[in-house]
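Scroll down for the structure; my scribbles are underneath it.
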Amino acid sequence: MNYYAKRVLRSGLTVYIVVTLSFVLVRLMPGGPADFVKAQIRKQNPAATPDEINRMVEQYISLRPDRPLSEQYINYLDGLLHLDLGTSVYYNRPVAEIYAEAIPWTLFVMGVALLISLFISITLGAFLAYYEGTKIDYILSTVSVTMNSVPYYIAGIFLLVIFAHTLGLFPSGDRTTMGIEPGFTVEYILDVLWHAALPILSVVLTAFGGRALGMRGNSIRVLGEDYIRVARLRGLPSNRIQLQYVARNAVLPIYTNVMIQIGFILGGSIILEQIFRYPGVGFYFFRSINARDYPLMMGGFLIITLAVIIAITIADFTYSIIDPRASSGGGNHEAF
């Protein structure tokens, strides 16, 4: 069996293990969907008797959490094989439908933020390496360290308070303005960007610093190579040397890290989407935890797991393509 077949099988086994562990751990949490539904029924109908509440719970919950755990597990795996993630207890909608609607919005916000921060970090890292030891290197490196030390959710809260609540320049929640007609129109696209601006900015401001410093270190190493000296002797412009020679070669060692970050895009949105009340994967996943909504929670775990494993597998398969110095024979991917 060749390396690629083994890698795919290992990825499939990882997905199965994560699904099994999350299934068990979710059900070990205190409370459950039945407790949540009972609390909602008591709130809406305080006069309901315990027997009436139990009958309504049985009618409302189709996953029957009172059944043996082994039976629930077999039913869940059978549903996955048929691409059925179950029905959400909280929203009373198919889980697959909820996440299918939410995934594009999360990918949009987190994907755009990743691309912008990656562009800034690569460019800035190569620039800092080229001017190593200068005053501008010291200042920008300090700024990068400072921004990298700030959690993205702290930056998000700060931006929300200043630009949404205080100045009123941006909305404080939702994906679009209520009432606006969806479509490929200038009005709708600008409205989508307006609502996504603060979440994107909070990620960009806190994500570029660490990668820029890593890029700076790689670039300094590249600057010592012979082909850089040759480029300087040829009298090539500094901008061309920074971007075409330094940045292009220094970015290779951080390629795998970037691919892993792409995989974590869906999981990294949980707190951010709660802060901005942006209905994406993280928003619904957080709601599922509060409501002990087993199907919705398990669907979130599965989507995040698949995203990470797929991204890592793609990185594993493509690294030797973008960097011919890497060897893929026998699973050895070390650059030399």
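Which number in (1) farther than 28 Å from Ile275 by Cβ; (2) of a type outside the set (Ser, Thr, Tyr); (3) touching an Asp or Glu at 6+ places or on another chain (Cβ under 9 Å); (4) free of Cβ contacts under 8 Å to residues at least 24 places away in the same chain marks the one condition that Ile180 misses? Looking at each condition in turn, Ile180 falls short on (1).
Restricting attention to the range 176-186, the residues being over 23 Å from Leu160 (Cα atoms), in contact with a Phe, Trp or Tyr (Cβ under 9 Å, 6 or more places away or on another chain) and either outside any loop (DSSP other than H, G, I, E, B) or open to solvent by less than 70 Å² (accessible area, probe 1.4 Å) (or both) number 0.
Among the residues of the range 244-254, how many are buried (at least 16 other Cβ atoms within 10 Å of the Cβ) and within 28 Å of the chain's Cα centre (by Cα)?
Number satisfying all stated conditions: 7.
Counted as qualifying within the range 26-120 are no helices (runs of 4 or more DSSP H), as none has 2 or more residues that are over 15 Å from Met297 (Cβ atoms), in contact with a Ser or Thr (Cβ under 8 Å, 6 or more places away or on another chain) and at pLDDT below 85. The set of residues in the range 219-243 being open to solvent by less than 30 Å² (accessible area, probe 1.4 Å) and either in contact with a strand residue (DSSP E or B) (Cβ under 6 Å, 6 or more places away or on another chain) or touching a residue at least 24 places away in the same chain (Cβ under 8 Å) (or both) consists of Ser219, Val222, Leu223, Ile241, Gln242.
Among the candidates Gly173, Gly209, single out the residue that is outside any loop (DSSP other than H, G, I, E, B) and modelled with pLDDT under 90.
Gly209
Go through (1) surrounded by fewer than 18 Cβ atoms within 10 Å (Cβ to Cβ); (2) modelled with pLDDT under 80 and name the single condition Ile314 misses. Exception for Ile314: condition (2).
Every residue in the range 136-170 that is assigned to a helix (DSSP H, G or I), β-branched (Val, Ile, Thr) and surrounded by 12 or more Cβ atoms within 10 Å (Cβ to Cβ), please.
Val143, Val145, Ile154, Ile157, Val161, Ile162 - these are the residues of the range 136-170 that are assigned to a helix (DSSP H, G or I), β-branched (Val, Ile, Thr) and surrounded by 12 or more Cβ atoms within 10 Å (Cβ to Cβ).
The values are calculated or read from the model by the stated rules, or taken from the named source; none is laboratory data. Note that the coordinates shown come from a computational prediction; the quantities given were computed from them, not determined experimentally. Counting neighbours? That spans all protein chains shown, and the Cβs are built from the backbone with ideal geometry, glycine included. Surface accessibility is based on the protein's heavy atoms, side chains included, excluding ligands, DNA and RNA. Shrake-Rupley method; radii C 1.70, N 1.55, O 1.52, S 1.80 Å.
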